[in-house]
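These notes concern the structure reproduced below.
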Amino acid sequence: MEFKKRMYRKWDLDVPREEIRAMAERCAGDPSAYNKSTLSGPYIPADSADWNGQTLVFRGEGRVFRFEILSENELLFSEGDGEPISCWCQIKTMEGVFYFLNHLAPGGDCTRQISLIFDRETGCATLCDAHIGTEFCSFDVEREFLFGRLDGDFAGGPLHGFTNDLIGKAIAWDYGPQTRVTPKHMYTSNLYYSYSVSTANGAWMASNPANYVKLRDNYYLVSFLEERQTGIQALLLVNLDTLHDIGTFYGVSGDHIVSAFVAAIGTPGEPYTIF
């Protein structure tokens, strides 16, 4: 399965690119300003120190990214032959098998988010390179997925890749009491996913562009863009055995930029009904 372009369906709504840049500039001096989401609740693991003092080198599809991990929240980042630049970061682990490294990188017009998800046993990795702003809309997120490997003494194995495995499944995700809603994600096709929530104002349902990546049996990445909404990207590492997910939401949220970890626990759901 390849990454396929979808028809653009955005409402006729936008804001000037200068406003997005101003939001990014306001947050630039304080990394914690990005790290806020209503879905950031009690199920998020602590930042991992497992890779402190080590350098991760990702090679995939002709590109090279280096992450020199100085501490749980600081790394030196470089791409290709570029000079290393200090960045605030977070690293989460799922069962000590997969790690999710996330940070805002230099080089984006209105910020750029680099997410590296890797298997500590095989060294196989997926890198999602995302930025705010597309040819159609200043606040939509655009991204690309790269599949590759980390340098080092790893067991090796098949590369990660796009998959249809999740199609036809549904999971209701509980992000914690702070949200007061439990969205049900329905993995409806190879290009889209749907979700529903019950609110005080009634039922809500939407369908958004999505991509699904298989990491290994029962471990997947689910990523979607909130089209015809705020343009935010979700990138979620899902364990089907434990029904736990860890991931990030990235984009424009109100009057600020968000690049925040979220996490939830899930319950299997019916894929053909709203609730």
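The values are calculated or read from the model by the stated rules, or taken from the named source; none is laboratory data. These numbers were taken from a predicted model, which means no experiment stands behind them. Note that each Cβ is placed from the backbone with ideal geometry, even for glycine, and that neighbours are counted across all protein chains shown.
Identify all residues within the stretch 31-55 that are among the β-branched types (Val, Ile, Thr) and closer than 22 Å to LEU235 by Cα; write none if there are none.
Listed by number, the residues that qualify are THR38, ILE44.
In the stretch 139-249, which strands (runs of 3 or more DSSP E) lie fully inside it and hold 2 or more residues that are within 19 Å of THR273 (Cβ to Cβ) and in contact with a Phe, Trp or Tyr (Cβ under 9 Å, 6 or more places away or on another chain)?
170-174, 184-186, 192-199, 202-216
Identify all residues within the stretch 197-249 that are among the β-branched types (Val, Ile, Thr) and either touching a Leu at 6+ places or on another chain (Cβ under 8 Å) or at pLDDT 95 or above (or both); write none if there are none.
Result: VAL213, VAL222, ILE232, VAL238, THR242, ILE246, THR248.
So, of the residues in the stretch 147-191 that are under 18 Å from PHE224 (Cα atoms) and of a type in the set (Val, Ile, Thr), which turns out to be surrounded by the fewest Cβ atoms within 10 Å (Cβ to Cβ)?
The selected residue is ILE167.
Taking the stretch 35-84 on its own, how many of its residues are hydroxyl-bearing (Ser, Thr, Tyr), under 22 Å from THR122 (Cβ atoms) and not in a strand (DSSP E or B)?
1
Quick check, is LEU70 at pLDDT 95 or above, more than 20 Å from the chain's Cα centre (by Cα) and closer than 19 Å to LEU104 by Cβ?
When the stated conditions are applied, LEU70 passes them.
Starting from residues that are modelled with pLDDT under 80 and under 30 Å from TYR212 (Cα atoms), keep the ones in the stretch 14-32 and report whichever is surrounded by the most Cβ atoms within 10 Å (Cβ to Cβ).
PRO31
Within the stretch 1-34, how many residues are part of a loop (DSSP other than H, G, I, E, B) and either closer than 10 Å to ILE257 by Cα or charged (D, E, K, R) (or both)?
10
Scan the stretch 101-120 for residues that are in contact with a Cys (Cβ under 9 Å, 6 or more places away or on another chain) and either among the aromatic types (Phe, Trp, Tyr) or on the phi > 0 side of the Ramachandran plot (or both) and jot them down.
THR111, PHE118
Evaluate the following for ASP109: is it within 19 Å of GLY251 (Cα to Cα) and not hydrophobic (A, V, I, L, M, F, W, C)?
yes
Output the residues belonging to the stretch 64-120 that are more than 18 Å from GLY247 (Cβ to Cβ), loosely packed, with under 15 Cβ neighbours inside 10 Å and touching a residue at least 60 places away in the same chain (Cβ under 8 Å).
Matches in the stretch 64-120: ASP109 only.
Please determine whether any residue of the stretch 115-124 is outside any strand (DSSP E or B) and either modelled with pLDDT under 95 or small (Gly, Ala, Ser) (or both).
yes
Going through the stretch 34-61 one residue at a time, which ones are of a type in the set (A, V, I, L, M) and buried (at least 17 other Cβ atoms within 10 Å of the Cβ)?
LEU39, ILE44, LEU56
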